[in-house]
Every structure is written in C-alpha cells, then in structure tokens.
Amino acid sequence: MLDTGKICSFADYFVICSGDSDRQIDAIQQEINKSLKEEGILPHHIEGTADSGWILIDLGGVIVHIFAAEQREYYRLEELWDNATPIIRIQ
C-alpha cells in the first residue's frame, strides 16, 4: 500500500497486490468487492479482467491494482510511484 496523496491528483492510496493465477486474481477481486459491498461501498469503476493480468478497482481516493506476476513486473508501479510513501508491505 502506497500513500500517493502528496504526489498524485487522483488518488490518496494505491493498493498493489498479485495473484498466482487467473482464478486467484478473480477470487481476490470478488473478495474485495464482497467486503466493500458489506460496508456499503461501491467502486466508481472496475477495469480489466483476470485473464488480462491486471484488474483495477477505482474507489475514488483508493485505487486497487490486482496483478498477475508478469504484468506486475512489467508495469513496476512501485518503481513508477517511488516518491510515494509505503504504508505497508506484505510478502
């Protein structure tokens, strides 16, 4: 999770995570959507699919990126946004 509030005009936080398969990426998205729905929070926009290797969930101030390993390595968001403050990193 990155705090992007001071360097980004469209989001305060990025959550970046990975799945090991299309099925796992889809399960991560479904669980996020289920948890948000239980809290009465609806995404502004969802883009991408598990088989594309990248799903983006736009929650307004929070952007969730769910990657396949190959796409995460290719796009390297943590490096692109290296001026952001890391909040938490779990491996």
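Let's see how each residue does on (1) aromatic (Phe, Trp, Tyr); (2) modelled with pLDDT under 95; (3) more than 13 Å from the chain's Cα centre (by Cα):
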| position | (1), (2), (3) |
| --- | --- |
| Ile7 | no, no, yes |
| Phe14 | yes, no, no |
| Cys17 | no, no, no |
| Asp20 | no, no, yes |
| Gln29 | no, no, no |
| Ile32 | no, no, no |
| Ile46 | no, no, no |
| Ser52 | no, no, yes |
| Ile55 | no, no, no |
So the check is Cβ under 6 Å with 6+ separation or different chains; which pairs have a first residue in the range 33-55 that's assigned to a helix (DSSP H, G or I) and a second one that's among the aliphatic types (A, V, I, L, M)? Ala50/Ile25
Among the numbered criteria (1) without any contact (Cβ under 8 Å) to a residue 24 or more places away in the chain; (2) surrounded by 11 or more Cβ atoms within 10 Å (Cβ to Cβ); (3) more than 16 Å from Ser21 (Cβ to Cβ), which one does Ile87 miss? (1)
Residues of the range 23-45 being out of contact with any helix residue (DSSP H, G or I) (no Cβ under 8 Å at 6 or more places or on another chain) and surrounded by 15 or more Cβ atoms within 10 Å (Cβ to Cβ), in sequence order, are Ile28, Ile32, Asn33, Leu36
Hey, Gly5 hits all of (1) touching a Lys or Arg at 6+ places or on another chain (Cβ under 8 Å); (2) assigned to a loop (DSSP other than H, G, I, E, B) but one; which does it fall short on? (1)
Provide a single number: the residues in the range 56-80 that are touching a strand residue (DSSP E or B) at 6+ places or on another chain (Cβ under 6 Å), within 16 Å of Ala11 (Cβ to Cβ) and not charged (D, E, K, R). 8
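The values are calculated or read from the model by the stated rules, or taken from the named source; none is laboratory data. The structure presented is a predicted model; accordingly, all values stated were derived computationally and were not measured. Neighbour counts run over all protein chains shown; Cβ positions are idealised from the backbone, glycine included.
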